[in-house]
Amino acid sequence: MFSEEAKLIEECIKGSRKAQKELYDKYNALFFSLCLRYTHTREEAEDILITGFMEIFESLPNYKQEGSFEGWMKKILIHKAIDYFRANKKYQVNVDIEEVETEGSIINTVVQDMDAKYILKQIQAMPDGYQQVFNLYAIEGYKHIEIAKMLNISESTSKSQYAKAKKWLQQKLKDYKS
């Protein structure tokens, strides 16, 4: 594999600051938006992005060039976001799946009228437990069993948090339409 990306990775492994800056510049906007989904502020997202890229640069020698390089980096950044919340004791667990009711698919009728900035703002405003599980399940595509392991919670807690996040977001979307 001698693509431009492979050359860039090799130069980063050798410690080239120019290559590291090029890699950062190539992916920072994409990954900053990912970090924003896991935080409440731009500053928190920037912290996660920076520590994530530091981890990426340190871990590059371990990259086996199997699968998507972007996906490999994304996984590191998701784990950094989770670690950030653990370190800051912001993650709170609520287990009350019986209390959760979902309304009809309000999302389908309202989303067409919204812009992405409004939806992102609502995701950022979610309580931390809801936000993390919602992002991991609905946006990143992880299964509840995987989320449970990542967040050190039970699978039923993951399901509960996701159901509550959906209900919470549905209410926000309903309020938007009102």
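The values are calculated or read from the model by the stated rules, or taken from the named source; none is laboratory data. Remember, predicted model here, so these are calculated numbers, not experimental data. Cβ atoms come from the backbone with ideal geometry, glycine included; neighbour counts cover every protein chain shown.
Structure data summary
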{"read-out": "Enumeration of residues in segment 3-33 that are assigned to a loop (DSSP other than H, G, I, E, B) and surrounded by 12 or more Cβ atoms within 10 Å (Cβ to Cβ)", "value": "SER16"}
{"read-out": "Odd one out for PRO61, checked against (1) surrounded by 16 or more Cβ atoms within 10 Å (Cβ to Cβ); (2) modelled with pLDDT of 80 or more; (3) not aliphatic (A, V, I, L, M)", "value": "(1)"}
{"read-out": "Extreme residue, farthest from the chain's Cα centre (by Cα), among residues of segment 168-178 that are of a type in the set (Lys, Arg) and surrounded by fewer than 17 Cβ atoms within 10 Å (Cβ to Cβ)", "value": "LYS177"}
{"read-out": "Close pairs from segment 138-158: first within 19 Å of ILE123 (Cα to Cα) and loosely packed, with under 14 Cβ neighbours inside 10 Å, partner modelled with pLDDT of 90 or more and of a type in the set (A, V, I, L, M, F, W, C), Cβ under 9 Å, at least 6 apart", "value": "ILE139/LEU34"}
{"read-out": "Selection from segment 1-41 of residues that are farther than 23 Å from GLN65 by Cα and out of contact with any helix residue (DSSP H, G or I) (no Cβ under 7 Å at 6 or more places or on another chain)", "value": "SER33, THR41"}
